[in-house]
Amino acid sequence: GTSPNPSLKADLPPRLPLKSLNWKSPSSSQKFLKPFQNQTRLCSDNNDHLFVGDVCELNTAKRKKDFYNNNTKFQFVFRDKWIYVQKGSTKERHGYCTLGEALNRLDFSSAIQDVRRFNYVAKLFQLIARSQLPSLSGAAQKNYFNILEKIVRKVLEDHYNPRLVKELLQDLNSTLHSLTLHVGRCVLVGNVNIWLCRLETIVKWQQELNDLEIPKQIYSGMSFSDLPLHMHNKILCNLSDAFDIINLGQATPTLQVLSENGTLWKKLCLFHFSDKLFCRNLVINKNDNVDWKLMYYSLLKHYPMKEQYGDTLHFCKHCSILFWKDFGHPCTASDPDSCLMPVSPQHFIDLFMF
């Protein structure tokens, strides 16, 4: 029969017998590619020159697409602020939950605006920066850095706990520097150039935090220095971080004397290390010659500080659901409160270790 469109048939390249074609021969490859060379054309679209047809597009288009996707700030907000933590497939549920999925579902963007949760989220992001970056998917990486930018902006605007965020950025800088420059791109999801750009952004954030100056507040009424000594001492005793005690002691000569009080450092040792045998024996023996400030820093070299947060994520042991307590979750237990367990940042990481 005849072809319905003879012009189309004329444009097609001639069929070559595969058995008689020597693919290693230059003459054969030229014969095979010659019919297609006339079909290659150069077109212009928004000043981006692309080779279309049977030839691959230029890398500039891909870089433009990667740049756009990497810098997109849009984040899908889930209605439910909880996630089912599953480590394996069952008859009822298939698959498993990843750290990146939890990062997307638990709405950390809103959590950092709550002063009770800010330190918790910052500490969690610090632990992820130290060891879990290679395990994040591309979407989770983008979400991680978008939330991290909001954390930095909040510190720059509200001057809230810049020291913690500086430590977070320093750990992230060290990890990225090691992974991108020493280990190689194989351990990171995405283009290595994107990670190098992120590394530059982190350095810029560090510089902004180092240049941060907290303006002096002018009060017309009673100030902190006007409070009596016993209230100064009570405030110092309620601080659980040695850095805060030392920094507050540098404000006035009176606070300097109070911050060196041995009883204050003894309470700090008991708060953080009371479960450690060495510290417990010192208390039982009632040794009055102990330098408790020196003892605190000696114990800190060997044991971690006790973590204290205004609010944390909770895990329901009955439902295996991770959630913020204010939002709740669909629990089927008869006594839901008895099944709840607060989740520390390290415990959060451990839940997704497979």
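Throughout, read-outs are computed from the coordinates displayed, never taken from laboratory work. It should be emphasised that the depicted structure is a prediction, and the values quoted were computed from it without experimental measurement. Ideal geometry is used to build each Cβ from the backbone, glycine not excepted, and the neighbour counts take in all protein chains shown.
Of note:
- Chain lengthening between Ala251 and Gln308 when straightened (0.36 nm per residue, less Cα-Cα): 18.0 nm
- Radius 13 Å from Cβ of His318, net charge of other residues (Lys, Arg +1; Asp, Glu -1): -1
- Taking 7 Å steps out from each Cα toward its Cβ at Ser220 and Ile235 produces label points 2.2 nm apart.
- Of the peptides 235-241, 166-172, the order by per-residue mean of other Cβ atoms within 10 Å, starting with the highest, comes out as 166-172, 235-241.
- Pairwise label distance in nanometres, Thr263 with Ser174, each label 7 Å out on the Cα-Cβ vector: 3.8
- More than 26 angstrom apart: percent of Cα pairs within the range 111-242: 36
- Lys pairs under 17 Å by Cα in the range 220-340, provided they are eight or more residues apart or on distinct chains: 18
- Packing-based order for 113-120, 252-259, using average beta carbon neighbours within 10 Å, highest first: 113-120, 252-259
- Alpha-carbon centroids, the range 261-277 and the range 108-144: separation in whole Å: 31
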